[in-house]
Amino acid sequence: MSNLNFTIPAKAKMFTYILMAVGLISIIAAFLTDAPHEPDAHYHQNRAWANIFVNSFFFMSIALAAAFFLGLQYAAEAGWATTVKRITEAVAWYLPYGLSFMLLLFILGQAGVHHIYSWMTPGIADVASPNYDAVVAGKIGYFGWFWWVRTLLYMVGWLYFTNKLRKNSIAADAVSDDTHHWKNVKLSAWFMVLFAVTSSTSAWDWLMSIDVHWFSTLYGWYMFAGMWVSAIITIIMLVVWLKKLGYMEFVTESTIHDLGKWMFAISFLWTYLYFSQFMLIWYSDIPEEVIYYKARWDHYKPLMWTVLLVNFAFPMILLMSRDSKRNFWFLTIVGTIIFVGHWLDVIMMVMPGTVGHHWNGLSWMEFGTFLGFLGLFINVLLRNLASRPLMVKNHPYLDESVHHTT
Amino acid sequence: MATKQVIHGIYDDEVPLLEGCKKLRDAGIRIKEVFSPFPIHGIDPIIGVPRTRIAITAFLYGLTGCSLATWMMWYMMVSDWPTDIGGKPSFEYYMAMPAFIPITFESTVFCAAHGMALTYLLRCWLVPGAKAKNPDPRTTDDKFMIYLELNDEQATAAEGILRTTGASEVNHKGIITEKEH
């Protein structure tokens, strides 16, 4: 048997620290330089905060989608991905970090430190207040304490299931029967139910409520497709990298091909949902709905087109053939570009509602913050990978997965 | 005129069958056909089936569907009788493009899927009333078969390989004559 104990290469570790340093400097510099170009009472270093928000959410969502993907394999009793299970778990266990960032941002928002959520402004539902907003006042019952209850429920629920799945998976290595596996199957079924509801509602609560006047029921699925494809790309890249380092030769070309198929398929799911949301709003042309795209069309047009082209046309043309999904280098390069594409997608969800017309295109602030969070993300992933053997033991579908061919 | 023996190598499982196929090919023996109750993943390169061209036909059918839908909508909605629907501009095709995308998509998928299925059925001649080509009906249930047509010398070698790789039966099904090329 090959070497299952991953040790983090010193260079890789160094690389993540450099990325984190770059990120930290960018964030500090962003706070020092980010000032509105004109007096605007609603602009309080929004761009610097929004950048932290975008990246906190983006990487948290990847971990969440990895946890979902893990649960999906259990619930469907699918065997093909068993060889990459430990990688999926390592990605999923970034969740505590990601959720901590989110919680911190929410608390700071409630304390009035940043102004990402306009509905957190004091007096927004009070007619006598100068901050009064009639539309928000109409739906304030859904925000306020109820929003906090939901937020904490998502966090506790997701962490509970992810942690349980992980604990059972570790425990399964030590015993020779598969009782822990079947426990996980049951857990996963419940997790899927929780996730089906909370993936949508959390996207409404955390992202859609930035544009608080606007609403779209499709938004949650659209968000979900984006995070899912990013998670698959993360898994593919880790597998390819580990294979290159000489680990995980038990992962067959067919398994990676299948992950590539997921990447291809979910890119289409994303496009389908993106377009469904856009077309219905474009067609009906109702002002309260169109406002979302109007803000993007007026100030973010190049980015809007880039997101669509990179996340739709790009995978469609480049990942269609079987050979391209079996060429690891090709898969990595295309994956990297789509990964950035979905990060830009989150920027497109957050920035128009926070930075608004002060936006003047992507800058070092965006990329710097991204690199910082990326460094932390990779660092956590590598430590998760190193903490446990790269291959599960006593998994009932292990043999099937090792001999997986398509 | 050369004569060839027809041999049916029957297996109970697809894994030993794959092993048998590999050994036969290594010995330079041509596998005429394999019959199985279900598709066996990864068998094509092992038994020397050339790469399928169905993907190319799918692309062409898809392109046809896409073009047909675009032409149809352009002709109906823009060229022949410009129609005002929901105030969307109908002067040029691109102006109301988002409204045309679902139909373009559906037509592309429809043509690609049906074209591909029909091509497959015709190419395999799976038409109504077609005669079953399966030489042993048990391969539609729980048996797996390697079908060989070989000269005497190869037949002996092949039988050995089939036996050693775990074939449950090796049936000789007579001799056929074949024209020299």
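Bear in mind that the values in this text are calculations on the coordinates, not laboratory data. Everything numeric in this text was worked out from a predicted model, so none of it was measured. Every residue, glycine as well, gets a Cβ built from its backbone with ideal geometry; the counts of neighbours run over all protein chains shown.
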Helical contribution to [θ] at 222 nm, DSSP H n ≥ 4, -39,500 (n - 2.57), averaged over chain A, rounded to 500 | -24000 deg cm²/dmol
How large is the dipole of the protein assembly as shown about the Cα centre if only Lys and Arg carry +1 and Asp and Glu carry -1, each at its Cβ, rounded to the nearest 20 debye?
-> 1080
With each label point set 7 Å from Cα along the Cα-Cβ vector, what nm distance links residue B:74 and residue A:305?
-> 2.1
Among A:87, A:132, A:108, whose Cα lies farthest out toward the positive end of the dipole of the stretch A:72-164, if unit charges sit on the beta carbon of Lys, Arg (+1) and Asp, Glu (-1)?
-> A:87
Loop only per DSSP, at most 16 neighbouring Cβ atoms within 10 Å: give me the trypsin sites (Lys or Arg not before Pro) in the stretch B:81-181, ordered by residue number.
-> B:131, B:133, B:179
Give the Rg (one decimal place) followed by the Dmax (whole number) of the stretch B:90-181, computed from C-alpha coordinates and expressed in Å.
-> 24.9, 76
Quick calc: nm separation of the 7 Å Cα→Cβ label points for residue A:276 and residue B:30 -> 5.2
Kirkwood Rh, Cα Rg: Rg to Rh for the stretch A:17-89?
-> 1.25
Quick one: angle between helix B:97-123 and the longest Cα principal axis of chain B, in degrees between 0 and 90, rounded to 10, please.
-> 20
Per 5 Å bin, what percent of the C-alpha pairs of the stretch B:54-123 does each bin hold, from zero upward?
-> 3, 19, 22, 18, 12, 10, 7, 5, 2, 0
Given A:87-100, B:61-74, A:191-204, the highest-first ranking by average Cβ count within 10 Å works out to A:87-100, A:191-204, B:61-74
What full-extension length gain, to one decimal in nm, is calculated for residue A:218 and residue A:5 as 0.36 nm per residue of separation minus the Cα-Cα distance?
-> 72.4 nm
For chain B: rounded, prolate or oblate by the Cα gyration tensor [a/c cutoff 1.5] = prolate
With Cα coordinates, the longest principal axis of chain A makes an angle with the long axis of helix A:10-33, in degrees rounded to 10, of 0
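Can you sort A:324, A:267, B:107 so the residue with the fewest Cβ neighbours within 10 Å comes first? Before the final figure, lay out the partial values.
Numbers: A:324 16, A:267 27, B:107 20.
Lowest count first: A:324, B:107, A:267.
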Relative to the first principal axis of the alpha-carbon coordinates of chain A, what is the inclination of helix A:179-206, with its axis defined by its Cα atoms, in degrees from 0 to 90 and to the nearest 10?
-> 20
Quick one: check the C-alpha center-to-center distance for the stretch B:86-155 versus the stretch A:389-405, whole angstrom.
-> 33
Could you work out, residue by residue across A:147-157, how many beta carbons of other chains sit within 10 Å of that residue's beta carbon, and then give the average as an integer?
-> 0
Taking the Cα atoms of the stretch A:285-349, report the difference between the largest and smallest coordinate on each principal axis, in whole Å and largest first.
-> 46, 20, 15
About its Cα centre, how strong a charge dipole does chain B have in debye, to the nearest 20, once Lys and Arg get +1 and Asp and Glu get -1 at the Cβ?
-> 280
Once you have the alpha carbon radius of gyration of chain A, what is it after dividing by 2.2 N^0.38 Å, with N set to its residue count?
-> 1.00
Averaged over the residues of B:15-28, the number of partner chain Cβ atoms within 10 Å of each residue's own Cβ comes to 0
For the stretch B:21-74, how big is the tail of P(r) above 18 Å, as a whole percent of Cα pairs?
-> 55
So, in nm, how far is label residue A:167 from label residue A:153 when the simple model puts each one 7 Å beyond its Cα toward the Cβ?
-> 2.3
Restricting the stretch B:112-181 to chymotrypsin sites (Phe, Trp or Tyr not before Pro) in coil, as DSSP defines it, with at most 14 other Cβ within 10 Å | B:125
Using θ = phi - 60° and Karplus 6.51 cos²θ - 1.76 cosθ + 1.60, couplings along the stretch B:80-96 (whole Hz; Gly, Pro as x) = 6, 8, x, 10, 8, 10, x, x, 7, x, 10, 6, 10, 4, 5, 5, 10
Identify the GluC sites (Glu not before Pro) of the stretch B:78-181 meeting these criteria: DSSP loop state and at most 16 other C-beta atoms within 10 Å of the C-beta.
-> B:92, B:180
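Given the stretch A:54-195, what whole percent of its Cα pairs are spread farther than 22 Å?
49
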Per GNM of chain A with C-alpha springs under 10 angstrom, the most fluctuating residue out of A:34, A:173, A:126 is A:126
Once phi is turned into θ = phi - 60°, what whole-Hz ³J(HN,Hα) does the Karplus curve with 6.51, -1.76 and 1.60 give for every residue of the stretch A:334-345, x standing for Gly and Pro?
-> 4, x, 4, 5, 5, 4, 5, x, 6, 5, 4, 4
Please report how far the C-alpha centroid of the stretch A:66-85 lies from that of the stretch B:1-32, rounded to the nearest whole angstrom.
-> 37
